[in-house]
Structures are given as structure tokens and as C-alpha cells.
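The values are calculated or read from the model by the stated rules, or taken from the named source; none is laboratory data. From a predicted model like this one, the values you see are computed outputs, not experimental measurements. Ideal geometry is used to build each Cβ from the backbone, glycine not excepted, and the neighbour counts take in all protein chains shown. Just so you know, the surface numbers come from the protein's heavy atoms only, side chains and all, with ligands and any DNA or RNA stripped out. Shrake-Rupley method; radii C 1.70, N 1.55, O 1.52, S 1.80 Å.
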Amino acid sequence: MGRARGPAQPDLLGPKSLLRRLARRWRDPIIILPYLTYGTAQKLTVCGRVLEDEGFLPAADADTRWQNLVRFYKRLESDEVPGARLRARHLGVETQGVTDDEGYFRLELAPRGRVGPGQWQEVELELIETPSAKATANVLVPSKRARFGVISDIDDTIVSSHVPHKLRMILTVALSNARTRKPFLGVAAFYRALHAGVNPFFYVSKSPWNLYAPLVEYLEGQGLPLGPLMLRDFGFSSNRNHKTEAIEDILDTYPKLKFILIGDSGEEDPEIYSGIVQRFPDRIRAIYIRSVNPKRINEIEKLADQVAKTGCQLVLAAEAEPAAAHAAAEGLIQASELRAVRAEKDSEMSSSKPAVSSGALK
């Protein structure tokens, strides 16, 4: 995660910092929110944010639109804690750092090849000045048994978000939650088949870091593979190359691992992924693009022809099933998993149909 932002070094003794510290005693409790990140046996990168605890509760199916809207507003208006000093520990290796002006932190540990069992490495975090504030960060170190990695978009790729229509997108996210927003038909089964319990997943999205927690809750609640999330700072002046840089950093971190790229045709995923294939030949196994904009079909088909010259295939499909069929044909998933994708799709379609009253059968 070499291109992730690093914390600035604030003036811990300046009057502004002192006033902030004195004001903390009237604040909500302080919490550490670690992000799911990735690393290697030589370097573990831990990122996150120190915030005031707003007392968020897990989303529920019965939550009203008003409750969802209030929760959404609170997340965007989160109260960060700048200048907080943290300590990180992993298997006897320790480091310290300080949050920047927006409460973000980034710490790096050098385990020198000493990592625990499993893909997720646990790093213990605590605030030096408030030892009771603790958290456990999880850093993904892919298994040596991984056949490939998967880098996926989220909005309009996994779940309908209407990204090209900004107002509609904001309303969709603000008035729903991780339980009420359902993934596209068959997507969860397709992703589980690609994951196969060992192939690492990475999610790159234009969503702001303020929405990190509900996005993780969404992945868990909808049965999607967990993986590091690469989001961006809130605001319209954010880095336009965010997605490209995030993908390139993942590829650079794991030079021996090949990848599958998954996105949609709503904005620039086809162009970004095509560029990645050109710069990283022989590293991309397949590109799957969900077709959400019929007007772009012809231009994306032309991109597919260019991608094909590298030996990679770009598959444009309106649903998960055709992508899963291609993956099965390429040996990326088992044939039995294709049947699971179809079964999940059929089950979701039948459950979404309105019930027919007994009177209507007369």
C-alpha cells in the first residue's frame, strides 16, 4: 500500500493541539477504527482512523429511511481526533505513529518473515495516552496456495448505486443500509466461487472513507468475501487517478500473483482496466465488466478487441451468470460453482417476486 496517504506530523506541543487535548474530556469516547489492509511477510501496513465514538449500531432490515439517513449524515460528519499517538504490535514487533489533521494513521511493521497462520494477520493497536482505547487491525497476507487475486469495484458492479447520476446515487446510499441493499443476482455466489477460500479479494471504490464501516458490514451481511478496501477522501477534489494507482500498488506488492479485474460500464472501469492490461502484460487473467450503460456497448467491444491482443479477455455481461460461465470455461472456478451461481440467481428472483393472494387464484 505504498501510495496510501501517510499521516502528517502535527505540533504536539502547540497551543492549537493543547486546546484540542483539553477539549477531549467533554467529547464522546475515543475509538480506533482500523481498516482492512494488505501486506507481505516482509512488511505489514496498518491504516485507519481515530474518531469519537458516535455509538453506531449494526443496520437492521427494519430500519426506516429516516434512521438510515441520520446514520449516513453522522458518518459523513464524523469527528476525527488529530495528533493521537498510537502503538502497534505484531508477534513481538512494535512501532508507533501519530494521526494526521483528519485523524488518519498509517503504520508499517517489518515482521521479517514471521507471520502467524492464516491469511489475515492480527495487529494489536492502542492509544498511547488512552491505553483503554484498543483495537485489532487485520492485514491480508495472501496464501502461497492462491491461484490468483481478484480486484473488484463495488458501486454498480456488486450492488446498484447509480454512480453516473450523482443525486440518485446519494439518495440510494443515504436511504438504505447494508441489510436492505441487495447485491446483483448471482454476484455473491460468483465471488465466493472465485475466492474458493484462498484467492484474495481487494475492493477499490470511489466511496469516501467515511463509509468504510457500512461497506465492510455490507460485505459480511451479504456473504461476499472480505478483503482490503481502497476508498478515497471525501470531497470533489479527490485524486482522479485513485483507482489506477490503487490497482497498480496491489500488482506491485504481489509481482508473482495474477489477477482478475471486475467492474462496470457506468464510468471508466473498462478504460482503466484496459490500460492496466497494457502496462502489466501477462498479469491479468480476465476482465469482467457488468453492462449498465447500453450506449457504451460498441466502444467497450472495441476495447475488448484491443485487450484480446494481449492474450487476456474482456467479458461484457449484464449479469453474473455469463461471467461465471466464462470463468468456469477458463478453469477459474469449478463447474459445480456455476450451478451454484445459477441456483442463487433463481432463488433470488423467486424471492423478489410479489406474493400472489389466494383470491387471485380463483
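For region 276-285, enumerate the residues that are touching a helix residue (DSSP H, G or I) at 6+ places or on another chain (Cβ under 6 Å) and open to solvent by 50 Å² or more (accessible area, probe 1.4 Å).
none
Identify the residue in region 248-275 that is β-branched (Val, Ile, Thr) and surrounded by fewer than 23 Cβ atoms within 10 Å (Cβ to Cβ) and, among all such residues, is farthest from residue 185 (Cα to Cα).
Per the stated criteria, the residue is 253.
For residue 288, only one of the following conditions fails: (1) open to solvent by 30 Å² or more (accessible area, probe 1.4 Å); (2) free of Cβ contacts under 8 Å to residues at least 40 places away in the same chain; (3) hydroxyl-bearing (Ser, Thr, Tyr). What is its number?
(1)
When the residues of region 325-362 are narrowed to those that are at pLDDT 65 or above and outside any helix (DSSP H, G or I), which ends up surrounded by the fewest Cβ atoms within 10 Å (Cβ to Cβ)?
331
How do the helices (runs of 4 or more DSSP H) wholly within region 185-304 filter down when requiring 2 or more residues that are modelled with pLDDT of 95 or more and in contact with a strand residue (DSSP E or B) (Cβ under 7 Å, 6 or more places away or on another chain): which remain?
Output list reads 187-195, 242-253, 269-279.
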